[in-house]
Amino acid sequence: MMKKLLSLVAICMSMTAFAQNLVTFSVDMNQYAGPAYSQVEVSGNFAGWCAGCIVMTETSPGSLIYTVDSVLIPTGPIEYKFTADLFAIQENLTPGTPCTTTNFGFTNRFADITESTDLGIVCWESCDGCSVAPSEFPVSFSVDMNEYTGPAYSQVEVSGNFAGWCGGCIVMSETSPGSLIYTVDNVMIPPGDIEYKFTADFFAIQENFFPGGSCTITSGGFTNRTTNITGPTDLGLVCWESCDPCETVAETVDITFEVNMSAVPTAALGVFLAGGGNFGNPGDNAMTETAPGSDIWTITVTRPVGFSSYYTFTNGLCPDYSCKENLADLPCGDPNNFNDRFLPSVNSNTTIQHCFGQCTTDGTCETVSFSDVTFSVDMNAYAGTFSSVSVGGTWNGFNPLDFPMTETSPGSGVYETTISLADGIYEYKFIEDGGAGPDEYFETLTEGDVCAVTNFGFTNRALTVAGNATLPTVCFEACSGCPVLGCQAP
């Protein structure tokens with residue numbers, strides 16, 4: 001009888017350990033002031049931090065309160081945060097706040113799930129609810145600049161009496177690169193009559209209206225746009241200096257870039273379109289994975305008919321372009337333009353398919369040879385203190401968290417790790433306390449060192465992979481081994 005009772009207790013404990021709970025998440029976006037978004041999500045370790053797997057629904061049109069019910073989560077502690085548009089936008093939470101936890105340099109929301117529960121409504125990037133006055137309503141403004149013929153500008157804004165006619169306080173975003181249509185959502189405005197106009201570059205450029213327009217009012221010698229706010233409002237798209245939409249729309253084409261990353265390890269920070277003088281720096285044009293695990297990344301940009309440009313892809317976020325694809329000596333890389341690819345004139349909507357670092361044009365990757373490379377660094381001569389050592393390079397955008405190194409034996413001070421890399425040319429560095437905020441330190445190398453190469457003002461270790469290799473143990477910040485310390489024979 002006692003054995004049966006113990007068995008029943010064990011079964012009950014096992015069922016409790018794997019119990020699934022129905023959890024409700026809710027977030028209030030009324031005080032969110034970032035870029036426009038199309039959907040809101042919740043992401044967490046209970047779903048592998050999947051981007052966009054758990055999409056939230058607005059409780060009612062214009063409420064800006066998003067919720068998702070009945071998310072199945074096992075009993076135990078969880079980390080999570082609210083995101084938008086497949087992690088293109090994510091909360092930045094303050095370490096030490098009561099609803100958060102900070103691990104490995106990342107601060108996320110924290111909850112201990114013991115039963116099915118509703119976690120309540122919290123404000124974006126806050127542990128508490130929003131304090132938006134119910135007498136304010138979200139208003140969306142949009143302006144079409146395709147018929148604008150004035151001086152060049154760098155940004156477009158909306159200014160009005162609801163914001164003290166502040167120049168540049170409410171910056172608008174282009175709906176897609178080259179569209180020349182700018183919008184801003186969720187401007188919180190009290191009900192009643194407002195006056196406003198579209199401006200550019202901190203009021204250096206502003207709309208000029210003739211009195212008597214159907215959408216304007218003239219007061220005190222100034223003619224501005226006017227409308228009455230009674231609730232959440234989208235004022236629609238109008239042409240610059242007009243009450244109506246533009247009569248002509250510049251002809252544009254949609255260009256979709258796709259790159260297959262299966263030939264290389266994809267950096268944790270993702271893949272970016274960059275370069276050519278038209279696509280900015282790494283980080284400006286983030287690509288998204290076509291489907292979780294596909295390792296095919298895509299982005300669509302809008303450009304004028306006949307557009308052409310050089311361009312490249314970067315494996316990670318590297319301001320120095322050290323993680324860009326290497327097309328040197330390949331027919332698709334122009335040696336006179338940083339070995340970038342070239343896009344001929346585009347006259348219709350087009351999809352371009354590549355493999356990272358290769359010249360294929362159908363989205364497939366040629367077979368690539370991978371080799372196991374063992375890295376080894378001696379920290380005994382390093383004067384600082386550290387708790388971890390890692391290695392990062394152009395194969396992963398120098399991310400310090402991807403490849404931690406292990407001490408060969410306790411107290412040896414020598415750290416190593418083995419990485420499988422496609423045969424090719426790389427740059428790399430050793431890093432102490434990677435991901436530990438201000439304690440993180442990348443080793444400094446001297447231009448001209450025999451083991452180093454300098455590109456774009458950055459000096460890194462050089463590596464050519466052409467088969468399995470165990471690299472010699474080198475001293476941190478040196479090309480050779482550390483000097484032997486202690487007593488030596490004469």
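The values are calculated or read from the model by the stated rules, or taken from the named source; none is laboratory data. Every value quoted in this text rests on a predicted model; they were computed, and no experiment measured them. Neighbour counts run over all protein chains shown; Cβ positions are idealised from the backbone, glycine included.
Name every residue in segment 71-106 that is surrounded by fewer than 12 Cβ atoms within 10 Å (Cβ to Cβ) and aliphatic (A, V, I, L, M), in order of residue number.
The answer is Leu72, and nothing else.
Determine whether Val68 is crowded, with 17+ Cβ neighbours inside 10 Å and farther than 27 Å from Ala268 by Cβ.
No; evaluated as a whole, the condition is false for this residue.
Would you check if there is a residue in segment 452-474 being within 27 Å of Gly105 (Cα to Cα), touching a residue at least 40 places away in the same chain (Cβ under 8 Å), in a loop (DSSP other than H, G, I, E, B) and out of contact with any helix residue (DSSP H, G or I) (no Cβ under 8 Å at 6 or more places or on another chain)?
Checked segment 452-474: no residue is within 27 Å of Gly105 (Cα to Cα), touching a residue at least 40 places away in the same chain (Cβ under 8 Å), in a loop (DSSP other than H, G, I, E, B) and out of contact with any helix residue (DSSP H, G or I) (no Cβ under 8 Å at 6 or more places or on another chain).
Assess whether Val377 counts as being over 29 Å from Thr418 (Cβ atoms), among the hydrophobic types (A, V, I, L, M, F, W, C) and crowded, with 19+ Cβ neighbours inside 10 Å.
no
Within segment 105-125, track down each residue that is of a type in the set (Ser, Thr, Tyr) and out of contact with any Ser or Thr (no Cβ under 8 Å at 6 or more places or on another chain).
Applying the first criterion (of a type in the set (Ser, Thr, Tyr)) to segment 105-125 yields 107, 114, 116-117.
Within segment 105-125, Ser116 is the sole residue that qualifies.
Could you tell me how many of the residues in segment 126-166 are over 27 Å from the mean Cα position of the chain (by Cα), assigned to a strand (DSSP E or B) and among the aromatic types (Phe, Trp, Tyr)?
Residues meeting the conditions: 1.
List the pairs whose first member sits in segment 260-272 and is within 18 Å of Ser371 (Cβ to Cβ) and modelled with pLDDT under 95, whose second member is in a loop (DSSP other than H, G, I, E, B) and of a type in the set (Gly, Ala, Ser), and whose Cβ atoms are under 7 Å apart, counting only residues at least 6 apart or on separate chains?
The qualifying pairs are Ala263/Gly357; Val264/Gly357.
Within segment 182-213, take every residue that is under 14 Å from Gly150 (Cβ atoms) and over 33 Å from the mean Cα position of the chain (by Cα) and give me the one that is surrounded by the fewest Cβ atoms within 10 Å (Cβ to Cβ).
Here the answer is Asn208.
So that you can scan it fast, the table gives a plain yes or no per residue for (1) hydrophobic (A, V, I, L, M, F, W, C); (2) within 22 Å of Leu343 (Cα to Cα); (3) in contact with a strand residue (DSSP E or B) (Cβ under 9 Å, 6 or more places away or on another chain):
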{"site": "Gly220", "(1), (2), (3)": "no, no, no"}
{"site": "Asn224", "(1), (2), (3)": "no, no, yes"}
{"site": "Leu237", "(1), (2), (3)": "yes, no, yes"}
{"site": "Cys243", "(1), (2), (3)": "yes, no, yes"}
{"site": "Ala263", "(1), (2), (3)": "yes, no, yes"}
{"site": "Val271", "(1), (2), (3)": "yes, yes, yes"}
